[in-house]
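Chemist: Could you have a look at this structure, given as structure tokens, before my questions?
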Amino acid sequence: MSAILTIARRELAEGIRNRWVVSMTVVMAALASVIAALGSAPTGSTATGALDVVVVGLASLTIFLVPLIALLLSHDAITREAERGTLLLLLSHPLSRPQVVAGKFLGQLAILALATVIGFGFAAIFVIWRHGAEGWQAFAMMTAISVLLGAVFLALGTLASAVVQESSTAAGIAIGLWLLFVALYDMALLAALVARGGHAVPGWIMDLALLLNPTDAYRLLTLGEGASAMLSGMGGVYDNSQLTPGLLAAALLLWCALPLTLAMTAFSRRNL
């Protein structure tokens, strides 16, 4: 475990030197603050907390931004070391290849979590200062699940880096994954529903379709219940689904564990 933490600290220190942490935190804080300022304004005297309104806006932002940042951060985790000629030096230490992958993943997860918590924290402080702390539980849960969504795409990016030889190829795969899960999958799902001409889709097929896309599982987990469900319109989908918060969280954990395991296996079999 100490070897994994050593690699993770090295990855975090390298991220700080490259100003990844600072730049991501600034972007997160700026966009979250704008959404907080605009999103909390219309609550007026309604019973809905300002933070509940902000959760809906930030969750939508997270679905686009966090996967992109995670893939940009992780797509060259292995290939970068090989291209710089430091991979063999790294493996000359008493480390196994799965430990290298796990350490890099944890270091990048620390970078992403730091940027997300600080960035969203600015928005939360602003809204609490202006409107009070009602709805803070939903905001805290959304932040934690956003980090979990980032972990999923970090694992996918690490897998891309482990199976190819060049960073440019891994970057192409990363962009393809982002387009697939963030845009194309839902468009294809909507087209399939329209093509059925109003005929109902069996519930288990719809649930499976939602679980096969981590961004859909994230959306349903953060916006399916509570005040956010009414504001986002996801309450109807959640009420007609058999998926529970525990099952959705387990699906995201599986989405994280499976590509990470495949990345460890691919890197272990890679010829250097």
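The values are calculated or read from the model by the stated rules, or taken from the named source; none is laboratory data. If you're wondering where the values come from, they're calculated on a predicted model, not measured in any experiment. Here the Cβ is made from the backbone with ideal geometry for all residues, glycine too, and neighbour counts use every protein chain on show. For accessibility, only protein heavy atoms count, side chains too; no ligands or nucleic acids. Shrake-Rupley method; radii C 1.70, N 1.55, O 1.52, S 1.80 Å.
Chemist: Provide the per-residue ³J(HN,Hα) series for region 5-18, in order, calculated from phi with Karplus coefficients 6.51, -1.76, 1.60 and θ = phi - 60°, each as a whole number of Hz, with x at glycine and proline positions.
Modeler: Per-residue couplings from phi come out as 5, 5, 5, 4, 5, 4, 5, 5, 4, 5, x, 5, 4, 7 Hz.
Chemist: Right, another one. Using the Cβ atoms and a cut-off under 13 Å, what net charge is assigned to the surroundings of GLU83, where Lys and Arg are +1 and Asp and Glu are -1?
Modeler: -1
Chemist: Here is a further query. How do LEU106, LEU258 stack up against each other in accessible area, from largest to smallest, with a 1.4 angstrom probe?
Modeler: Listed by decreasing accessible area, they come as LEU258, LEU106.
Chemist: Short version: ³J(HN,Hα) in whole Hz for each residue of region 81-87, in order, from phi by Karplus 6.51 cos²θ - 1.76 cosθ + 1.60 (θ = phi - 60°), x for Gly and Pro, what are they?
Modeler: For region 81-87, the Karplus-derived couplings read 5, 5, 6, 7, x, 9, 5 Hz, x marking Gly and Pro.
Chemist: Another one. Identify which of the listed values of Cα extents along the principal axes in Å was calculated from the structure shown: (i) 63, 48, 30; (ii) 72, 71, 30; (iii) 81, 70, 33.
Modeler: Calculated Cα extents along the principal axes in Å: the matching label is (i).
Chemist: Per residue, how much accessible area does region 166-272 show when a 1.4 Å probe rolls over the protein heavy atoms, in square angstrom?
Modeler: Value returned for region 166-272: 54 Å² of accessible area per residue.
Chemist: Something else about it: Could you state the angle between the C-alpha long axis of helix 167-179 and the longest principal axis of the C-alpha atoms of the chain, as a value from 0 to 90 degrees rounded to the nearest 10?
Modeler: Orientation of helix 167-179: about 20 degrees from the principal axis.
Chemist: Mind giving me the nanometre distance, one decimal, between the label points for ARG9 and THR169, set 7 Å out from Cα along Cα→Cβ?
Modeler: In this crude label model, ARG9 to THR169 measures out at 3.5 nm.
Chemist: Roughly how much of MET187 is accessible, in Å² to the nearest 10, using a 1.4 Å probe?
Modeler: 130
Chemist: Just to be sure I understand the model, the point goes 7 Å from the Cα along the line to the Cβ. What's the resulting LEU180 to HIS93 distance in nm?
Modeler: 3.2
Chemist: Then there's this: With the chain treated as a Gaussian network of Cα nodes joined by springs under 10 Å, which of LEU154, LEU91, LEU72 yields the largest mean-square fluctuation?
Modeler: Residue with maximal mean-square fluctuation among LEU154, LEU91, LEU72: LEU91.
Chemist: Angle, helix 20-39 long axis vs. longest principal axis of the chain, Cα atoms, 0 to 90°, nearest 10?
Modeler: 0
Chemist: Something else: Extending each Cα 7 Å along its Cβ direction at SER268 and VAL27, get the distance between those two points in nm, one decimal.
Modeler: Reported label-point gap for SER268 and VAL27 is 3.4 nm.
Chemist: Then there's this: Subtract the Cα-Cα distance of LEU208 and GLU83 from 0.36 nm times their separation in residues, and report this length gain in nm to one decimal.
Modeler: Going from the current span to full extension adds 41.0 nm.
Chemist: Quick check: at a probe of 1.4 Å, how many percent of the accessible area of the chain sits on carbon and sulfur atoms?
Modeler: 71
Chemist: Mind checking which of THR244, THR215, THR25 has the largest fluctuation in a GNM of the chain, springs on alpha carbons under 10 Å?
Modeler: THR244
Chemist: May I pose another question? Let me have the 222 nm mean residue ellipticity of the chain computed from DSSP H runs of 4+ only, each contributing -39500 (n - 2.57), with the sum over all residues rounded to the nearest 500.
Modeler: After summing the helix terms and dividing by the residues of the chain, the value is -26000 deg cm²/dmol.
Chemist: Then there's this: Tally Lys/Arg at +1 and Asp/Glu at -1 over every other residue whose Cβ is under 11 Å from the Cβ of ALA50; what's the total?
Modeler: -1
Chemist: Using Cα centres only, tell me the gap between region 95-126 and region 237-272 in whole Å.
Modeler: 18
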